[in-house]
Structures are given as C-alpha cells and as structure tokens.
1. Tell me, yes or no, whether region 1-13 has at least one residue that is more than 25 Å from ILE381 (Cα to Cα) and assigned to a loop (DSSP other than H, G, I, E, B).
2. Sort through PHE110, PHE55, PHE73 and tell me the only one that's over 16 Å from SER407 (Cα atoms) and touching a helix residue (DSSP H, G or I) at 6+ places or on another chain (Cβ under 6 Å).
3. Restricting to region 60-97, give me the number of residues that are open to solvent by less than 20 Å² (accessible area, probe 1.4 Å) and within 18 Å of the chain's Cα centre (by Cα).
4. For ILE102, are the conditions met, namely being closer than 22 Å to ALA320 by Cβ, out of contact with any Ser or Thr (no Cβ under 9 Å at 6 or more places or on another chain) and open to solvent by less than 20 Å² (accessible area, probe 1.4 Å)?
5. Give the number of residues within region 159-200 that are surrounded by 18 or more Cβ atoms within 10 Å (Cβ to Cβ) and of a type in the set (Val, Ile, Thr).
6. Among all residue pairs at least 6 apart or on different chains, which show Cβ distances below 9 Å where the first residue, located in region 412-436, is among the acidic types (Asp, Glu) and the second is not in a helix (DSSP H, G or I)?
7. Of the residues that sit in region 366-396 and are among the hydrophobic types (A, V, I, L, M, F, W, C) and assigned to a loop (DSSP other than H, G, I, E, B), which one is surrounded by the most Cβ atoms within 10 Å (Cβ to Cβ)?
8. Within region 161-217, how many residues are among the β-branched types (Val, Ile, Thr), touching a Gly at 6+ places or on another chain (Cβ under 7 Å) and closer than 30 Å to THR139 by Cα?
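The values are calculated or read from the model by the stated rules, or taken from the named source; none is laboratory data. Fair warning: this is a prediction, and the values are worked out from it, not measured in the lab. Every residue, glycine as well, gets a Cβ built from its backbone with ideal geometry; the counts of neighbours run over all protein chains shown. Surface areas here come from the heavy atoms of the whole protein model, side chains and all, with no ligands, DNA or RNA. Shrake-Rupley method; radii C 1.70, N 1.55, O 1.52, S 1.80 Å.
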Amino acid sequence: MQIFFWIFGIVGILCFYEGIYLPILVSVLVMIASSGYLIWLRRRSCVGLLGVLLFFVLILPFIHVVAYIWYGFGAGETLMFWKLMFNPYMSEKVIIELTAMIGAVGSAGFIVGATLLPGKVRSPSLHEVKQTYLGFGKTLTLPVFLVWTGIAVGFTWISAPEDTIFTAVYTQSKAINANWNFSSAWMVSYCFILFALADAIFEQDIWHARWKRMIIVLAFALIVIWFQLLRGDRECIPCVFAAALMCCIWGKGLIGNVMRKIKLNGFVIFFGALLTLLVVCFVGLLRSAIVGVTNIFDLWNIINKSGFHLGDIFHGTWSAVLLTPLSVAGDYINGTLPLNWGQTYLDLAGSVIPGFLADWIGYARPIDGLHGPAWVMTYGIGGTHAFVVPFLDFRMAGVFIIVALWSFAFAVIERHALRFFTASNLALLGIVAMAAPHWLWYGEKNIMNALIGWFALSVVYRVLIARKGVVHV
C-alpha cells in the first residue's frame, strides 16, 4: 500500500503536467483507500491518533465530491449537495475532476509522510512516565493554577461577541478586541486552558487534583456555553474535542480509575461525532434568527420553519472550505491562476509577528486579516483549504510533497511527545489537535500561532514549576 501511494502521487503529478485529469470516481476511491489504510494502521498502532485526526479534518471537505460520481453534468441538475450559493465552477466537469484530483494526490502525500517512521505508537503508562519524566510530581500551585485558568477565560472574554444570540444578530455583535488587531486572542485562550488541563492531568496530589479538575470543568463550561455557543461562536468545538483526547486517550494512564473505566468503541465515537455535528449545525442555524426569542415555543417554531433535516449535518464550515480548492482548480483551467513559487510561504514567515505588535512598530505584515491567500480566491468565504497554498505556489507537485512533509513532521512531533511524556508535551498534542480545523480549513498562519503560543507558554510553565535537572523539550 505504501508503494501504491508513492506511485499514485508520482503518476498524478505527471498526469497533471500533461493536462490529464483523473476521473472523479478514481480520485474518490483513492481518498477512501487512504482513509481505510490509515484506520488500519492506527488499529495496529503504526500511526498516531494525532495523524489520523489531521487526515480526516484535511479530507472532510471533499465529502461533497462523492456526489459528483452520479451527477449529470450538462443536464441542468440542481446542486443540492453543496448547500451553498451556486457558481459556474460547481457544474464544470473538468474543474471538478481537477478538484477531486488535488484531494486524491494530497491524501496520498499525507499517507506517504505519515508512514515513513517505523515502529509502533502508544500512550505511555504512569510507570513509564515516572521513569522518563525528570520533573514528574511538580505542577502549578493552586493559586497560580487559578490565575492561569483565569487568563484563559479572560482572553476568550475579550475575543467573544459582546451580545448573546438572543439580544443581537451574530454578524452585528463586535468583540471587545475588535479594534486591537489581536485576532488570535481566542487561540491564546485555548492554549492557556489546554496547558492548565495538562497540568491537572499530571497532578498526583489527590486534594489538589480534585480542585484543579473542578476549576477546569467550570472554566470550560464558562468558555463553551456562555462566551461561545450562546454568542454564536463555534471555535470552542475543536478545543473541547482536544481536551477529550487529552483525558481519554493520551493522558488516560495518569488520571486514575475514573478515566480507566471509560471504554471507547465505535458506537461511542460515532455518537460523539454526531452530537458535535448537531451542535455545530444548530448554532449556525440559530445564531442569526433568534434575537428577541423569550420562550421555548417561539424557539421551536423557528427550528421548524428553518427546514433543517438530519442530512444537513454533512454540510458545515467544511462545505465552504471546499470552495477554495474548487476556486484554484477553476482558475488554473481558465489560465488565470498565478504561480507563486514559494512567495506565500515567505509571506507567512514575515507575518509571524502579532498584529498589535506590528502596528506598534509600524510594520505591515504581508498576511493578516485583510491580506493573504483567502483574498485572491475567485470563490470562497474567508478561509483556504490546506491544499490551496501548495497548489498556488508549486502546483500538483507541491500538493504531494508539502503535505507529505507536514504529515511526517507531525508524526515525529507526536512520537516525540509520547516518548518524553511531560505536561508540556501533552499540552502540545492538545494544542495541535485544537488548531487542526483552523489550520487545515483557514490557513497555515493558525498552526504557526498555535505552535508559537505553545512554545511561549511552555517556557513560562517550566519557570513557574521550577523544575530541576535536565528536562526533555
């Protein structure tokens, strides 16, 4: 299978440069084969859970390509499976073939990178952590922990809309930091709270552990319910999912009997994913429609009038994200897509500095909220899928090679974090998992911000717990 994905990636690149686009069915089958093979590898502990998560977030938008297998091009059929405003690229067969081909070559590249490392991946036990973690047993004091989680809540507070969905339409409510040029405040908040969760998981004193976990639960409830869902925001969903992975998978061996009793199976995972999708759909459906609602009956009438169906859970942010691979595919076919030759990545490197600091020193970042790849899309709603910039800069070869480098890099990071399992490295896994949808659907700057945030907080955390001896980074 590894040889197959190597060969497919190379053949796909050659076909692209010869102007040959694979049939949609072939591309879909390759993406399905990639998914099945990755699950097979995960069941045998040959790839890590983080890699599986990144892959499925990466490939989810291409779920809408499947319906094109039986779509009647040129027959005037209605494109109901997009659930978005129609554009001419949606019904052009050659553009859809190239879009699907980008997804197939990118998924093959991901598999190639994820399978380069030999050996098995598994979460360490409590005994193994004690043997390898020289700072084991040293965690934040309770007052410092309380301040740390308070900072997490504070950053969410300044970045959340000021009004709830019952008092103002979502798009008309501004955040406190709207004019601060600090758009990543929400991510800083989640970095703080996931670090706090990692500290609570590593806490071995029973009394302190109970207090820390109670504080974490309260902080999550305040952030998720009051500052996010009730204000129409959904950025918290990946953070909650990342926290669940930290508790139930990566840190399960450290928490004790409570988490050891949790049995994750296919049904539990499916139900959790379904519930998450329903929450996402309902928040998106209601956040601009229930201003002034004062009772449950009015709310129920609005839901009934919305025409919501269970099949709508297959449509979401990822549906709009697919517009960007579609956009670059269509522009390439039409001969209007420039070749950047890596300039976008240089611009990303030049945009690492936070916006408020750039304003203070008078530096104009090449990529910010008003400039960047998302702004050159013919069709799009503010983000760029992770395949877009590689295609913009290096065409199909970039899609295969750059995605392979990403998956390899994060496979190395996950294995290193699990081998030297510390609170900081557990937080790293959680932060990457939290940032995955924002990175893979909205652009590379999100993962850059997440990694910078983790690095800065890991330094502060190590200073606060005053570890002695050599500690693995």
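1. yes
2. The conditions single out PHE73.
3. 2
4. It is false that ILE102 is closer than 22 Å to ALA320 by Cβ, out of contact with any Ser or Thr (no Cβ under 9 Å at 6 or more places or on another chain) and open to solvent by less than 20 Å² (accessible area, probe 1.4 Å).
5. Adding up the residues that qualify gives 4.
6. Note: pairs meeting the criteria are GLU414/VAL47; GLU414/GLY48; GLU414/VAL121.
7. To start, the set of residues in region 366-396 that are among the hydrophobic types (A, V, I, L, M, F, W, C) comprises 367, 370, 374-377, 381, 386-389, 391-392, 394, 396.
In the following step, the residues that additionally are assigned to a loop (DSSP other than H, G, I, E, B) were identified as 367, 370, 377, 381, 386-387.
On the way: ILE367: 20, LEU370: 8, MET377: 21, ILE381: 14, ALA386: 27, PHE387: 29.
The qualifying residue surrounded by the most Cβ atoms within 10 Å (Cβ to Cβ) is PHE387.
8. Our first condition is that a residue be among the β-branched types (Val, Ile, Thr); within region 161-217, this holds for 164-165, 167, 169, 171, 176, 188, 193, 201, 206, 215-217.
Cutting the leftovers down to touching a Gly at 6+ places or on another chain (Cβ under 7 Å) gives us 165, 188, 201.
Those still in the list that are closer than 30 Å to THR139 by Cα too: 188, 201.
Total meeting the criteria: 2.
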